[in-house]
Each structure stands twice: as structure tokens, then as C-alpha cells.
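Report on the structure given below.
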Amino acid sequence: MKKEQVAHCQFSVWYPLFKAVTIRSVILPLPENVKEYLLDDGTLVVSGREDPPSHAQEGSDDAEEIQWSDDENTTTLKAPEFPEFTAEVQEAISSLGGSVFPKLNWSAPRDAYWIAMNSSLKCKALSDIFLLFKSSDFITRDLTQPFIHCTDDSPDPSLNYELVLRKWCELIPGAEFRCFVKENKLLGISQRDYTQYYDHISKQHEEICRSIQEFFKKHIQYKFLDEDFVFDVYRDSRGRIWLIDFNPFGEVTDSLLFTWEELTSGKNLKGDQSEGEATEQDYPVFRCTNSKVTVQPSPYLSYRLPKDFVDLSTGEDVHKLIDFLKLKRNQQDDD
């Protein structure tokens, strides 16, 4: 996988070419100070977030315990403000219907959905986006190591980081598919949410495969900037195919129900096809989870934190914060 291939998969590179067959989106340049804020390893404080309620009755134990420091030099940690950028983002969100799916040049913060109040990537304000981005390893990788898996020694392409806001659509995980293309030929199609069994996929796999193949030939083949690439699609209730994203053809991209050895060598792929399918030229291999026995945990579970830690980091539960401060003070007294 070459650096040029990764660069070609940036959203702003492919979106103008395939705008008619994908979800409406707005691309905003990411200011340097916002990038620095996202990479700051300090306490997670989300810009634009309202302070949690802190009123306690006078004379109560909580009110007394909160006054744990008499140091007049103690400073309150505040998130930086980005008024101009905030206004641009809010205007874009409004133009897209009030709710958006955010991402950077390549990645969305799928590994951080658990930290959001709605356990979703649905965002209505910049503060929602910041909370997800600052909690995501995928976003950090985009910002710091976008070419880490590339094998060529060429200089890194110059990058202009961007915030991508996509109109929010309620997509059913069982209708998403990942497609693998090598030398401009569609080799394989995998169920995107491979950890779950979907009865309709097993029953309709030939129809699904055929519709994706037709979509590829009509809208994608020979139109993307590389001949080796991966693209994700969504099949709606009417059978229409929508383009979701492009990814590099290489190990940086999850191969789902395939292996990269299979995809790069072509071995074992023909064995998946029935006799009828094998007679069709360039017919892709389709793989899905065929039994509830093979259902697996979500691949994003390893990114989660205990709920108590999340409540502390986001300030959602002031009582847990008070208990935490009490514990820290008692530990200091014991020391």
C-alpha cells in the first residue's frame, strides 16, 4: 500500500467525483488550533459544553466537602473557545437538517460512540463532535500517523485536515457492505457488521451481490483514482445502493470476513462460489455471517471504559465527582 493510495481516499478527494451517489455532506477546513486541542493529552474538557449542576444546600455535607482546597492560586480548567469555527460548524449542521455524522479526512470516531450521551455518533453541536473526537484512537491516528502502514519510502503527501459533516441518516447495520476491488475488478463483498447474524442477508445474498455489482460497474469502476481500493455501500429498503466511503486496499482497512492474504493473492476466493456463480465473468465472492452460532462481540468493545470513569471524565454525575474528591482527600490524609 502506497502513501498516494491513502491520500486518494481522503473524503475531499473522492466526494466531488461521487457526490450524486452518496450522502450529502459539508467539508470544513480544520483550524490548526482546533487540531492542537484535539491532540491535547490533558483532562477531557469539551469546548462549548454546559457546566454540570453544582448547587448544594448550605450547611450540607456535600457543600462542606467540596471546599477541599483553600489555595487562592487554584485555577479552573477551561476548554478553549473557537467562536468563528463554532459558528461555521453550527451553520453547516443546520444546512444538513440539524444532525450530522462527523469524521476527519479518513476516519470517523466509531471507537468512541460509547462515551456520547446517546451512545451514538449523531451530533447536533460542535461540543458533541469534540467529545467523540477527543475520545477516539481512530481520530488520533488520522492526525498523527495516517501513513503508518504504507510500504513506500516516498515523502509524505502534504495534508490539509478537514472536518467532514455528513447528513445524519438512520442506517441499519444489516444493510451495510464492504467491497474489495483489485485491478478495477470487484473481488469480494462482505457483510459490514459481521458480528451479527441477519436473516435477510442470507436469504437475499444473490440479489444483494448482483445489485452491488451493477452499482460498481455503473458508478465506481474506472472512476476512482486507483485501481486497488475498498469501498463501503448501503442498500436501502427499496434496493437502491448508496456509496458510503472509500478506504485503502491494505491492512489498515478491516478485511472483515476475508483475510488480506486471500484478497491480495486471490487464493480461496473462487472456492466460495457456486457453479452458477463461477460461470459469470468477474463475479465477486459474497460472504456473510450464516449462523447465530458465529455471532461475535463488537470489535469496538475493547475501546470502552468503565461507566464510572466516563461519568467522571465528562462531568455527567456530580455526586460521583464529589465521592472521587473525598476519596482523594482521604488518601492524602492517610499519606
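A few notes on this one:
- Size of electric dipole in the range 157-247: Cβ of Lys, Arg +1 and of Asp, Glu -1, about Cα centre, debye, nearest 20: 300
- Three-way shape call for the range 220-260 based on the alpha-carbon gyration tensor, with the a/c threshold at 1.5: oblate
- In this simple spin-label model, placing a label point 7 Å from the Cα along the Cα-to-Cβ direction at both LYS203 and SER95 gives a separation of 4.3 nm.
- The order of the peptides 205-212, 5-12, 157-164 by mean Cβ neighbours within 10 Å, most packed first, is 5-12, 205-212, 157-164.
- Entries of LYS78/LYS103; LYS103/LYS185; LYS182/LYS223; LYS19/LYS218; LYS2/LYS103; LYS35/LYS103 with Cα pairs more than 18 Å apart: LYS78/LYS103; LYS103/LYS185; LYS2/LYS103
- If you plug the beta carbon distance of ASP41 and GLN196 into 1/(1 + (r/R0)^6) with R0 = 45 Å, you get a FRET efficiency near 0.80.
- Using the empirical formula 2.2 N^0.38 Å as the baseline, the Cα radius of gyration of the range 121-218 reaches a ratio of 1.43.
- Ratio Rg/Rh, restricted to the range 181-253 and using Cα atoms, in which Rh is the Kirkwood radius: 0.96
Each reported figure results from applying straightforward, stated rules to the coordinates on display, with no laboratory input. Being a predicted model, the structure only gives us computed values, none of them experimental. Quick reminder, even Gly has a Cβ in these numbers, built from the backbone with ideal geometry, and neighbours come from all protein chains shown.
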